Structure formats: C-alpha cells, structure tokens
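What follows is a single structure, written as structure tokens, with notes after it.
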Amino acid sequence: MRNSSDLVLVTDGYDELRYVSPSVERILGYRVEDVLGTSMRPLIHPDDHGILDEITTAVLEDGGGRAELRVRDARRRAPPRPGRQPLGPPARRPGSG
C-alpha cells in the first residue's frame, strides 16, 4: 500500500483512525503520524459528514461498508496572513492547572 494511488483510512467504528495509508501525505498533504489516532471527521468535507454518519452506522450495524467521501486537502489551506498566528492549542485559563 505504500505506493498506492488510493487513500485508505480504517477506523475503529467510532470515527478514530486506526490505519492511514502512507499515500495520505502525497494525496492530501497530511503526515500519517499527525492523523493516526484522531477523528476522521476533520478530514472529511463538511458536506459529506452525513455520508460519514451513514457509513459508520452501516459498519456498526452490518459489520462493514464502503463509501466515497470528499476530503480536505492540507495543501490547499491558505497560508497564515502576516501578523496573524495559525491556530494552536487553546490557551489555558489562569488557575486551571
């Protein structure tokens, strides 16, 4: 699968990515280690979240399923504007630990 032109994502049935083919970096611009173990939902185009929900239900109820979904391409994200910082982890509130 290393040189596949297809992108393969395998979830645990509850939206957490358990396997991501190495082609994710070439196809979408994401590194495997950045998406493995995370939710698949942020990678999917918002208009296709309903399809994602349907296929997740089918997998849980019927034991399997297949769908074609549009994905978000990391390479097409706009670069940060001058003077603005890209989003990072949320700031901690004073006294929250």
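Laboratory data are not the source of any read-out in this text; all were calculated from the coordinates shown. Every value quoted in this text rests on a predicted model; they were computed, and no experiment measured them. A quick note on method: Cβ atoms are made from the backbone with ideal geometry, for glycine too, and the neighbour counts reach across all protein chains shown.
List of remarks:
- Proportion of all alpha-carbon pairs of region 9-74 beyond 14 Å (%): 56 percent
- In a DSSP loop and with at most 10 other Cβ atoms within 10 Å, the trypsin sites (Lys or Arg not before Pro) in region 1-66 are ARG2, ARG66.
- Linear extension gain, LEU60 paired with ASP15, 0.36 nm per residue minus alpha-carbon span: 15.1 nm
- Using the Cβ-Cβ distance between ARG31 and LEU69 with R0 set to 25 Å, the FRET efficiency works out to roughly 0.80.
- The chymotrypsin sites (Phe, Trp or Tyr not before Pro) found in region 1-72 that occupy coil by DSSP, while having at most 16 further C-beta atoms within 10 Å, are TYR14.
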